[in-house]
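Q: Below is a structure I'd like to ask you about.
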Amino acid sequence: MNSVVKKTESQEKIIIRDEDLFPPETLRIEISDQPPDPAVTPPPPLPRSPSSRFWSWIPFLLVLLVLGVLLALAFVRGEEEEQWMEQLAQRADWSVVRILSEEGISGTGFVVASRGRRHLILTNRHVVGAASFVGVALRSDLVSQGEVVGVPKDDEVDLALVEVVMAGLQPLGPLGNFADVRSGMEVVAIGHPFGLDYSITSGVVSGKRVGMVIQTSAPINPGNSGGPLITKKGIVVGVNTETVKPEYGHGLGFSLRADYLLERPLWSCAPQVTDLLNQLKPSRK
């Protein structure tokens, strides 16, 4: 251990040790002119290859791809929503018919169930009247004879069923649950007002009345009776029944709940259409 000895005026020895000059906690920095040891020196970073640079972009490209697909789907969905009435009108060509009664009454009906060439048509009781057979006319003007095969047991319910055997028809759509009908829902009415075949009018559900009646702003006129009231999802919620005379108000049309047909105990139907009735099921929302 090295030490430095100083003498004071009193000639007393003062010993200064290395520990006093360089305490243990003191950081010593040594400068050496020797080259660094290559074993402990980190190697310089390797240059990135073009392929590695490409793969680093993959996550970003995937995000762009997903965003592009979502935007495309949103655009297609928007186009479909804008064309929903046009699509319903085209479907009506194969499902909505004219009903011609022997009493000279002309109205509308629509197919609710099919099995081969046999079809079950829902319409209004006042359209078929007291007749047992009615004419069923397609858009092609082909007319076939249909048989009235069912009416509600309650004479006040203005509904009726007609069976017809002919080609070129198919069910219009599922029958909606009356409980799911809400004011403000967009709907269309299809029928043959004043002999104008396959007319389509739009509106909204204005309200539900008297337990089984749907009030709508979709224009309904004579000849629309028995035609469907359909939501934008293609669900049949009503059977167009009547309108208020212009002198009493405008924009007031009424439809009977279509799912009344699903209440089998409330109907008197011919046994021959049991298989067709068994195909009827409530729609999913």
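The values are calculated or read from the model by the stated rules, or taken from the named source; none is laboratory data. None of these values were measured; they are calculated from a predicted model. For neighbour counting, all protein chains shown are included, and Cβ atoms are generated from backbone atoms with ideal geometry for every residue, glycine included.
Q: Do we have any residue at all in segment 248-261 that's among the polar types (S, T, N, Q), at pLDDT 80 or above and assigned to a helix (DSSP H, G or I)? Break it down into steps so the answer makes sense when it comes.
A: Here is the first cut: in segment 248-261, the ones among the polar types (S, T, N, Q) are 255.
If we keep only those that are at pLDDT 80 or above too, we end up with 255.
Narrowing further to those that are assigned to a helix (DSSP H, G or I): none.
No, every residue in segment 248-261 fails to be among the polar types (S, T, N, Q), at pLDDT 80 or above and assigned to a helix (DSSP H, G or I).
Q: Can you name the residue in segment 271-285 that is in contact (Cβ under 8 Å) with a residue 40 or more places away in the chain and surrounded by fewer than 13 Cβ atoms within 10 Å (Cβ to Cβ) and is also farthest from the chain's Cα centre (by Cα) among such residues? Can you show your working first?
A: Our first condition is that a residue be in contact (Cβ under 8 Å) with a residue 40 or more places away in the chain; within segment 271-285, this holds for 272-273, 275-277, 279-285.
Subset that is surrounded by fewer than 13 Cβ atoms within 10 Å (Cβ to Cβ): 272, 275, 279, 281, 284-285.
Numbers: GLN272: 36, ASP275: 30, GLN279: 23, LYS281: 19, ARG284: 11, LYS285: 9 Å.
In this case the residue turns out to be GLN272.
Every residue, every condition in (1) surrounded by 19 or more Cβ atoms within 10 Å (Cβ to Cβ); (2) more than 16 Å from ALA270 (Cα to Cα); (3) touching a Pro at 6+ places or on another chain (Cβ under 9 Å), yes or no:
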position: HIS126; (1), (2), (3): no, yes, no
position: VAL143; (1), (2), (3): no, yes, no
position: VAL164; (1), (2), (3): yes, no, no
position: VAL188; (1), (2), (3): yes, yes, yes
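Q: Continuing with the same structure: Go over the candidates GLY184, GLY234 one by one and state the one that is outside any strand (DSSP E or B), touching a strand residue (DSSP E or B) at 6+ places or on another chain (Cβ under 6 Å), at positive phi and not aromatic (Phe, Trp, Tyr).
A: GLY184
Q: If you take the residues of segment 178-214 that are farther than 24 Å from ILE105 by Cα and among the polar types (S, T, N, Q), which of them is modelled with the lowest pLDDT?
A: SER202
Each row is one residue, and each column tells you yes or no for (1) closer than 30 Å to LYS281 by Cα; (2) of a type in the set (Ser, Thr, Tyr); (3) part of a loop (DSSP other than H, G, I, E, B); (4) at pLDDT below 65.
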{"site": "ASP37", "(1), (2), (3), (4)": "no, no, yes, yes"}
{"site": "LEU65", "(1), (2), (3), (4)": "no, no, no, no"}
{"site": "ALA74", "(1), (2), (3), (4)": "no, no, no, yes"}
{"site": "LEU88", "(1), (2), (3), (4)": "yes, no, no, no"}
{"site": "GLY107", "(1), (2), (3), (4)": "yes, no, no, no"}
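Q: Of everything in segment 122-172, what is under 19 Å from VAL273 (Cβ atoms), touching a strand residue (DSSP E or B) at 6+ places or on another chain (Cβ under 8 Å) and in a loop (DSSP other than H, G, I, E, B)? Give them in sequence order.
A: ASN124, ALA131, SER132, LYS153, VAL157, LEU159, MET166, LEU169, GLN170, PRO171, LEU172, listed by residue number.
Q: Additional query: Keeping to segment 271-285, report how many residues are in a helix (DSSP H, G or I) and farther than 16 Å from PRO152 by Cα.
A: Residues meeting the conditions: 3.
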